[in-house]
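Reading through the structure tokens given below for one structure.
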Amino acid sequence: MKRVMHQTTVRFGSETWDALAVASDEEGVSVAQFVREAAVERLARWQVLMKPPTQTDQLRGRVERARTASAEEIRAARALDSQRQLASAKARRVRAEFRRNSRMP
């Protein structure tokens, strides 16, 4: 099954944005990831309240799958950031070496 991702724009006042930035930084995720997880959790609570008890286990499973997917996205983002940092460090070393080697005696 193909996973389709949708995007939206959400606007926050500066105080709320600052609080989101601090909270997401403390959690080690982006603001977008922080907001995405909050939306999934709120949706799960809403569904539990609105659905008959027979569907509660099904909804818990969906919440757990969403949390697992979110954790996997966080791990992937951290891995990409590590690769970016390594590539950036290597580029700095290559530039420095080039500068050293290109100087005329």
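What the table below lists for this structure:
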{"quantity": "Residue count, the range 1-26 (criterion: surrounded by 11 or more Cβ atoms within 10 Å (Cβ to Cβ) and under 14 Å from ALA39 (Cβ atoms))", "calculated": "3"}
{"quantity": "Some residue of the range 76-91 being part of a helix (DSSP H, G or I), touching a helix residue (DSSP H, G or I) at 6+ places or on another chain (Cβ under 9 Å) and surrounded by 10 or more Cβ atoms within 10 Å (Cβ to Cβ)", "calculated": "yes"}
{"quantity": "Pairs with Cβ under 7 Å, 6+ apart, first in the range 61-80 and hydrophobic (A, V, I, L, M, F, W, C), second surrounded by 14 or more Cβ atoms within 10 Å (Cβ to Cβ) and modelled with pLDDT under 85", "calculated": "VAL63/ALA44"}
{"quantity": "Enumeration of residues in the range 1-33 that are assigned to a helix (DSSP H, G or I), more than 15 Å from the chain's Cα centre (by Cα) and of a type in the set (A, V, I, L, M, F, W, C)", "calculated": "TRP17, ALA19"}
{"quantity": "Filter result (β-branched (Val, Ile, Thr) and modelled with pLDDT under 80) within the range 40-62", "calculated": "VAL48, THR54, THR56"}
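The values are calculated or read from the model by the stated rules, or taken from the named source; none is laboratory data. Keep in mind that this is a model prediction, so the values were computed, not measured. Note that each Cβ is placed from the backbone with ideal geometry, even for glycine, and that neighbours are counted across all protein chains shown.
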